[in-house]
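Comments concern the structure below.
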């Protein structure tokens, strides 16, 4: 009987803790990060999506040509906020991203990424402030700050998010498939510029 009572008490405590965690999480999730209100709105258009796709198609063609001729060729890819955000919103509409809203700003040396995630149980809103470095010819995402609701999270969580982001980048970035040796990634107001070489590297 005492074992049963102890079990029921433990279950009650766990239930209370679970309810508290859900309530706290829900309140935090509803708080849109302050930094979101300071982000630039971006004009979206189908023309911007077409422009981004054309740039990526041209890059792919250039890579294939360089590879088939066994030559090295310089690349210079510039993507704008309008192109990136328009493509992301299209992906949202197609249901390929687990989010309800997204906004990316390119600033001088860093980027801001806002997400309103579409998790069924909790409407979580996050903002990531970060930059991109290049290591051994590959992009590496560096997180400067990560906000859940209006609260910055501990550095240990920052590192976990950063590691996950870099895994996703390596799995999904089309530059990986094209075997481009990236030399530099520059983030400036309103755009991101990627320079490097494709084809043979000797």
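Only the coordinates and a few stated rules stand behind these numbers; no lab work does. Quick caveat, the model's predicted, so the values are computed rather than measured. Virtual Cβ from ideal backbone geometry, glycine too; neighbours counted across all protein chains shown.
The packing ranking, built from the mean of other Cβ atoms within 10 Å per residue, places the peptides 39-46, 61-68 in the order 61-68, 39-46, highest first. Given their separation in residues at 0.36 nm each and the Cα-Cα distance between them, residue 195 and residue 144 gain 16.1 nm when the chain is fully extended. Note on residue 117 and residue 179: their simple-model spin labels are 3.7 nm apart, each label 7 Å out from Cα toward Cβ. With r as the distance between the Cβ atoms of residue 76 and residue 97 and R0 = 22 Å, compute the FRET efficiency 1/(1 + (r/R0)^6) and round to 0.05. Here the calculated transfer efficiency is 0.20.
Can you grab the distance from the C-alpha centre of the stretch 57-130 to the C-alpha centre of the stretch 178-196, Å, no decimals? Cα centroid of the stretch 57-130 versus Cα centroid of the stretch 178-196: 13 Å apart.
Residue ranges 140-146, 83-89 sort as 83-89, 140-146 when ordered by packing (mean number of other C-beta atoms within 10 Å per residue, highest first). Here the gap between residue 134 and residue 110, fully extended at 0.36 nm per residue and compared with their Cα-Cα distance, gives a gain of 7.2 nm.
Full extension of the chain between residue 68 and residue 43 gives 5.1 nm of extra length, using 0.36 nm per residue less the Cα-Cα distance.
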